[in-house]
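Accompanying notes for the structure given below.
The values are calculated or read from the model by the stated rules, or taken from the named source; none is laboratory data. Since this is a predicted model, take the numbers as computed values, not measurements. In this analysis, Cβ positions are derived from the backbone assuming ideal geometry, glycine residues included, and neighbour counts consider all displayed protein chains. Calculation scope for accessible area: heavy atoms of the full protein, side chains included, ligands and nucleic acids excluded. Shrake-Rupley method; radii C 1.70, N 1.55, O 1.52, S 1.80 Å.
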Amino acid sequence: MERPRTVKCPAGVRLVEYLRKKECGLRTPCGGHGSCGKCRVKVMKGDVPVNGADRIHLSEKQLAEGIRLGCQIFTTEDIIVELIDRVS
């Protein structure tokens, strides 16, 4: 079974944990601590504020395009993300 590239995530969850439960295959070499920058996702729908780890690992262009570190997202509303750094 092929893992999805786009995932809808409900409000009130930590994205990386939700994706693990769904077996979506997001790469998290640092264990989800925001220190490696390898778990990039693109927010397709919903509001996900930029945080400090995002600013360290992502360019201003990436941030403007909606790229965020998946391990740093706690959803406050339903969102849809595209998984950029996937495990195949």
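Can you tell which of 39, 71, 24 shows the greatest fluctuation in a Gaussian network model of the chain with Cα springs below 10 Å?
Looking only at 39, 71, 24, the largest GNM fluctuation is found for 24.
Hey, if you put +1 on the Cβ of every Lys and Arg and -1 on every Asp and Glu Cβ in the chain, which of 9, 25, 44 ends up farthest toward the positive end of that dipole?
Checked the options; the winner is 25.
How much accessible area per residue does the chain have, counting only protein heavy atoms and a probe of 1.4 Å, in square angstrom? List each step's numbers first, then the result.
Values: 5200 Å² over 88 residues.
Accessible area per residue, the chain: 59 Å².
Output needed: percent of Cα pairs per 10 Å distance bin for the stretch 18-88, bins running from 0 to the one holding the longest distance.
The distribution over the stretch 18-88 is 22, 59, 19, 0, given as percents.
Which GluC sites (Glu not before Pro) does the stretch 4-88 hold that lie in a coil by DSSP with at most 16 other beta carbons within 10 Å? Mind dumping the intermediate values first?
Working: sites: 17, 23, 60, 65, 77, 82; in loops: 23, 65, 77.
Hits after loop and neighbour filter: 23, 65, 77.
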